Amino acid sequence: ATAYTTLDEFLKHPGLEGTFNLTPAPFHRETTSAALDAGLHVLSEKPIAGTVEDAQALIAYAKEKGKHLLVAPAVMASNRFRWLTDVLGNGRIGKLNVATGHYSTMGPAGWRQYTGDPGVFYSANVGPVLDLGVYPLHGITGLMGPAKRVQAFGGIVMPERKVQIRRLAGSTITVESNDIMMIHLDFGGSYAQILAGFSTPASRVPLMEIHGTEGTMSLSVPRFYDAKGPVEFYFRDDSLLGVDGWMNDVRNPEQEGATELIGAGADHFVNVIEGKEAPIMTAEHATHILEIMLKAKESAAEGRAFDLETTFVPPAPKPAG
């Protein structure tokens, strides 16, 4: 491996075809743009940019340069969610009506093993939706399609945090972004609610549940980052016989691809560059999620709902054989 101290030097490395943009969030747009300038395909960490306008400009520029622009998180590219796209898309739990998402912790200040700077996550332009809520938002919209309207409630319930990381013992963090956010989405006939926070000591609530007319899909937090991990299904019986109930630890029978969620994105990026797969982690999907997150923040501040203007094409299910 070769280490560089400037982006310009790195982008001149001979033989590069693509790059991962792992810079801090405020630098995502300019770093991605520079990589596209250098003729590289890009996989960017979340979010794609700071504004919807910047995101759309990047999408247009990538198309102009003839390069792929993919954006994390890799939820929909994982083995499990590719399979769920087929299972739910083929009506196995009926018409999808409502989804719930819950990803709330105490944030990096309470993550004793964290090696970075926990303070940035509590700053005004980050917060729990950008860090945690983005995962169920990608999963729910990836399976249910683009949302049409958003309304949110939120605020700061713990304005100061004691850092529990040993190397930072005694330090505190002033919380500048809402540490609790409750986001409601209207899909036009179906609905979702997502809770994201840095104010929950612990929870046994599933990270995601999607409910259809004929059943429910449930995914726990501890198993979320296992890209090949199981889910739970509940199937209902509409007859008087009552032959219904939960099926636990159900996995995709085709266990291919990366075992871990982050690695699934890297695998997918390489396959897209090599022409083996069509893009799943699309910049259009990431831009739709960015608009939801930004308008949720506005909604919580102003107390009103906002229509969503962006859209994307979700992955299509393969027909049931």
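The values are calculated or read from the model by the stated rules, or taken from the named source; none is laboratory data. Keep in mind that what you see is a predicted model, and the values were worked out from it rather than measured. Cβ sites come from the backbone with ideal geometry, for glycine too, and all protein chains shown count toward neighbours. These accessible areas exclude ligands, DNA and RNA; they are computed on the full protein's heavy atoms, side chains included. Shrake-Rupley method; radii C 1.70, N 1.55, O 1.52, S 1.80 Å.
Please go through region 272-286 and pick out each residue that is open to solvent by 40 Å² or more (accessible area, probe 1.4 Å) and not charged (D, E, K, R).
Selection gives I273, G275, A278, P279.
Which count do you get for residues in region 156-177 that are more than 12 Å from F198 (Cβ to Cβ) and in contact (Cβ under 8 Å) with a residue 24 or more places away in the chain?
Qualifying residue count for the region: 7.
State all residues of region 12-47 that are aliphatic (A, V, I, L, M), in contact with a Lys or Arg (Cβ under 8 Å, 6 or more places away or on another chain) and either farther than 25 Å from V75 by Cβ or modelled with pLDDT of 95 or more (or both); if no residue qualifies, say none.
Matches in region 12-47: L36, A38, L40, V42.
For residues that are open to solvent by 40 Å² or more (accessible area, probe 1.4 Å), of a type outside the set (S, T, Y) and more than 21 Å from the chain's Cα centre (by Cα), tally how many sit in region 58-90.
Qualifying residue count, region 58-90: 7.
Criterion first (modelled with pLDDT under 95, assigned to a loop (DSSP other than H, G, I, E, B) and among the β-branched types (V, I, T)) does V205 satisfy it?
no
Out of everything in region 299-321 that is at pLDDT 95 or above and among the charged types (D, E, K, R), what residue ends up being nearest to V75 (Cα to Cα)?
By that ranking, first place goes to E309.
Can you pull out the strands (runs of 3 or more DSSP E) entirely within region 144-186 that have at least 3 residues that are open to solvent by 20 Å² or more (accessible area, probe 1.4 Å)?
Counting at least 3 such residues, we get 149-155, 180-186.
If we keep just the residues of region 208-232 that are in contact with a Gly (Cβ under 7 Å, 6 or more places away or on another chain) and open to solvent by less than 10 Å² (accessible area, probe 1.4 Å), which is farthest from M76 (Cα to Cα)?
So, considering only residues that are in contact with a Gly (Cβ under 7 Å, 6 or more places away or on another chain) and open to solvent by less than 10 Å² (accessible area, probe 1.4 Å), the one farthest from M76 (Cα to Cα) is G215.
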